[in-house]
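Engineer: Sharing a structure, written as structure tokens. Questions coming.
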Amino acid sequence: MFKIVIIDDERQVLQGMKRVIPWEELEAEWVGEAMDGEQGLELIRETQPDIVLTDIYMPVMNGLEMIEKLRHEHFQGKIIILSGYSDFEYARHALRLNVHDYLSKPVTVQTIREVLQSAISKVEQENMKRYELAELEKKLMLYEPFVVKEWLKSVATGVGNLSLENMKEITSYKRKWENNKHAVIGLQIIKNAAGSDARLTDSNGTRFSVQRIVHELLQEERLESEIIELHSHQIILWLHLDHSLTCEKAILHLRTFGKKMIQRMEAELELTISVGIGAVKNHWQEIADSTEEAFYALSTQGSVALSGFNLFEFKNRGEDADGLKNRDQLIRPIQFYQQLVEAIRHSQEKAAYETIQEYIDRMQMQGVVSPSLLHRLGTEIWGILSYSLYDVGIFLDEIFPKINLKKEMAVIQTPEDFKKWLMNKIEEICGNRQWNENLKHKQAVDFMIQYIHEHFSENITLNDLANQVYISRNYLSQIFKKATGVSFNQYLTQVRMEKAKAMILEGKYLIYEIAEKVGFKNVPYFSTLFKKHTGLNPTELVK
């Protein structure tokens, strides 16, 4: 119901207006009346009406003075002046005060109805706009971690929106980084416990475990870092190093850290990983170069940093077999892969084709067009696409059941061959009938996973998240289990237990405090779940 107050110093007018306004038709209600501006001001402050009908000439405080005070207090309601005088100066003053309408007495019932309908329509529009803005603010707060995460990936890869300068968290990141040197370690998962290709067998649980181990090592080494998932089987570790460190000492430190990661992944997860180390940079805005260097070292298996380990280091060693003469001519394949994957994930075929064409043009301009480089790019892209599409429930093996990648690569001899081959594959992928539905599912599951990691200490339910992504609870449950291999509740418990384990090892909190911090008020129940998950009681882990 829309609330209306009437202010006039003539009681006959007050009674007449109350009688002639079609309250039910307008879905409106009378919430009060006053006979001077001062009483009217108090009434409006108390009732916060949607619409005010007021006279101008009144004792104690006139209508215009009252309206000025209301506007100074940011009153949002609609004001309609109903005056016995048609004074141009008063009307102009009322216009400056953003009055909805100015009527001269006497006024017909039809006119009153039309003016009130117009005011109510305006109130509805403004209410809807305020509601939409409030909802947008809520969404922005909810999605802020995603925005920051994507910004970090943009800086590390040189792809995407780098212009979110005014965001509070981003500003604090940049301020903190000013006094650091920076370098990237590229981590690539090669094989799982069964010895099979990890690109298509890695689950969300494995990714989480990999990142947990990286977090633990970073804490042990007291290293500041951003962990950025690139293509699920590839991770960027953007390290912020003490500015007083020489580049030589920094690289030695990174080699030791890389070795520990390789050993820990093998020992705890039975995962084989490769590690590439990019050059140390003096400023964070150069970090995309270090990313390219780290993954270039990985893809070419360049300079071996430590004998006996899959640990490779970028070296500017002059011209190599593919014609790369120096670091400045590195043609940024990571940036290319990232742009291509983003375009395909959003079903933007045209953008994908433009990305391919631009990359081919750069290769030709730099003379980097050897068949061996094209074959390596094709093989790497196929692996990245396989994993990226597997993440959204699309299997390249099903779309291309008879593909012989080695044979197809052998035919590619020129950049034009490479472009034609890749564009044909993308056209077939984006034309696949499962694509749009699976993309929606992937986005929903990504949102759920991120939300769980951000709100694991709260009482979150599948029903809450179903309302957020506009998918029914039961269907969302099926989608989530298909994507992660576990139910929503199992995944939430797994995250909580991993977070609890990290806090216990940190040694800052008592067990009951940790239980509360991960969403459990019942400590014995928490301990039972913890033992089921880790094989140990929380107190045993402390020892």
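Engineer: Restricting the search to the stretch 445-464, which residues are without any contact (Cβ under 8 Å) to a residue 60 or more places away in the chain, open to solvent by 60 Å² or more (accessible area, probe 1.4 Å) and touching a helix residue (DSSP H, G or I) at 6+ places or on another chain (Cβ under 8 Å)?
Structural biologist: N463
Engineer: Hey, among G63, G32, which residue is small (G, A, S) and in contact (Cβ under 8 Å) with a residue 40 or more places away in the chain?
Structural biologist: Step by step, each of G63, G32 is checked, and only G63 is small (G, A, S) and in contact (Cβ under 8 Å) with a residue 40 or more places away in the chain.
Engineer: Every residue in the stretch 124-141 that is surrounded by 11 or more Cβ atoms within 10 Å (Cβ to Cβ) and either at pLDDT 65 or above or among the hydroxyl-bearing types (S, T, Y) (or both), please.
Structural biologist: Across the stretch 124-141, the qualifying residues are E124, E126, N127, R130.
Engineer: Let me confirm something: among S104, S83, S121, which residue is within 25 Å of P22 (Cα to Cα) and at pLDDT 85 or above?
Structural biologist: S121 is the lone residue from the list that is within 25 Å of P22 (Cα to Cα) and at pLDDT 85 or above.
Engineer: Looking at (1) under 29 Å from the mean Cα position of the chain (by Cα); (2) charged (D, E, K, R); (3) not in a strand (DSSP E or B), which is the only condition E226 fails?
Structural biologist: In the conditions (1) under 29 Å from the mean Cα position of the chain (by Cα); (2) charged (D, E, K, R); (3) not in a strand (DSSP E or B), E226 misses (3) alone.
Engineer: Further question: Of everything in the stretch 405-419, what is open to solvent by 60 Å² or more (accessible area, probe 1.4 Å) and in a loop (DSSP other than H, G, I, E, B)? Give them in sequence order.
Structural biologist: Q413, the sole residue that qualifies.
Engineer: Continuing with this model, one more query. Could you pull out the residue among S172, S154 that is at pLDDT 75 or above, closer than 24 Å to D289 by Cα, out of contact with any helix residue (DSSP H, G or I) (no Cβ under 8 Å at 6 or more places or on another chain) and surrounded by 16 or more Cβ atoms within 10 Å (Cβ to Cβ)?
Structural biologist: S154
Engineer: Another question about this same structure. How many residues, within the stretch 518-543, are surrounded by fewer than 15 Cβ atoms within 10 Å (Cβ to Cβ), of a type in the set (F, W, Y) and either within 22 Å of E220 (Cβ to Cβ) or under 31 Å from the mean Cα position of the chain (by Cα) (or both)?
Structural biologist: Residues flagged as surrounded by fewer than 15 Cβ atoms within 10 Å (Cβ to Cβ), of a type in the set (F, W, Y) and either within 22 Å of E220 (Cβ to Cβ) or under 31 Å from the mean Cα position of the chain (by Cα) (or both) within the stretch 518-543 amount to 0.
Engineer: Given the residues Q434, Q413, which is the only one that is out of contact with any strand residue (DSSP E or B) (no Cβ under 7 Å at 6 or more places or on another chain), among the polar types (S, T, N, Q), over 22 Å from Q234 (Cα atoms) and at pLDDT 90 or above?
Structural biologist: Only one candidate qualifies: Q413.
Engineer: Still on this structure, please answer the following. I'm checking my understanding of the structure. Among residues of the stretch 502-517 that are touching a helix residue (DSSP H, G or I) at 6+ places or on another chain (Cβ under 6 Å) and in a helix (DSSP H, G or I), which one is most open to solvent (accessible area, probe 1.4 Å)?
Structural biologist: Y512
Engineer: Would you please name the residue that is farthest from the chain's Cα centre (by Cα), looking only at residues in the stretch 443-491 that are more than 21 Å from S388 (Cα to Cα) and of a type in the set (D, E, K, R)?
Structural biologist: Within the stretch 443-491, the match that is farthest from the chain's Cα centre (by Cα) is R473.
The values are calculated or read from the model by the stated rules, or taken from the named source; none is laboratory data. Being a predicted model, the structure only gives us computed values, none of them experimental. Please note: Cβ atoms are built from the backbone with ideal geometry, for glycine as well, and neighbour counts cover all protein chains shown. Side chains are part of the model used for accessible areas, which takes the heavy atoms of the whole protein and leaves out ligands, DNA and RNA. Shrake-Rupley method; radii C 1.70, N 1.55, O 1.52, S 1.80 Å.
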